[in-house]
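Below is one structure, written out as structure tokens; comments come after it.
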Amino acid sequence: MNILYQVNRRAQPIAFRELRTNQQIRVPNVRLFDEDSKEALGIVPIATAMTLARERDLDLVEVAPQADPPVCRIMDYGKFRFEALKKERESKRDHMVSQLKEIKLRPKISDHDLHTKIDAAMHFLEEGHKVKVTVTFRGRELAHQE
């Protein structure tokens, strides 16, 4: 009996999706940055960079692999990853997707009902949504649409 499992994998933010850390970095020399300062420690052999990171109980993270030599930073990778996920969640929460709201009317609608529909449409527009107004005809109303 075959049971198929569907794995729901959420896309990881670009900030740490393709970053190599510690033993994954396979280049002879790197341009090294410290975790605290913005200053470069210079171009150092990968073994020296790994020992510096290990002494500080931090990770060596390749932040710019396309550079020559690749740029690495000594940082706490778990903390960096957590903060990147947190920023992504906040940006998704603040991002409002404009929806299309539809207001349906009939030709013989009463004045009060019409004003209620207009108020609802104004409320939708103030919230930043798009509003589509549809007039529906039934029966004999189709013959006299004017």
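The values are calculated or read from the model by the stated rules, or taken from the named source; none is laboratory data. Keep in mind that what you see is a predicted model, and the values were worked out from it rather than measured. Remember, those area values only see protein heavy atoms, side chains included, never the ligands or the DNA or RNA. Shrake-Rupley method; radii C 1.70, N 1.55, O 1.52, S 1.80 Å.
What number results when the radius of gyration of the stretch 28-86, computed over Cα atoms, is divided by 2.2 N^0.38 Å?
Dividing the Cα radius of gyration by 2.2 N^0.38 Å gives 1.08.
Which whole-number value in Å³ per residue fits the convex hull of the alpha carbons of the stretch 20-146?
Dividing the Cα hull volume of the stretch 20-146 by its residues yields 204 Å³.
Please tell me the relative contact order of the stretch 67-146 in percent, rounded to the nearest whole number, where contacts are Cα pairs under 8 Å and at least six residues apart.
For the stretch 67-146, the relative contact order is 33 percent.
State the percentage of accessible surface on the stretch 17-116 attributable to carbon and sulfur atoms; use a 1.4 Å probe and exclude ligands, DNA and RNA.
50
Setting aside same-chain residues fewer than 8 positions from Lys108, which lysines have a Cα under 23 Å from its Cα?
Qualifying lysines at Cα under 23 Å: Lys117, Lys132.
What aspartates and glutamates sit close enough to Lys130 to cross-link, taking a C-alpha to C-alpha distance under 12 Å and skipping anything fewer than 8 places away on the same chain?
Within the straight-line cut-off, Lys130 pairs with Glu102.
So, for the stretch 12-146, what is the accessible surface per residue at a probe of 1.4 Å, expressed in square angstrom?
So the stretch 12-146 comes to 75 Å² accessible per residue, rounded to a whole number.
Using Cα positions and a limit of under 23 Å, work out the lysines in reach of Lys87, with same-chain residues fewer than 8 apart set aside.
Partners within reach: Lys38, Lys79.
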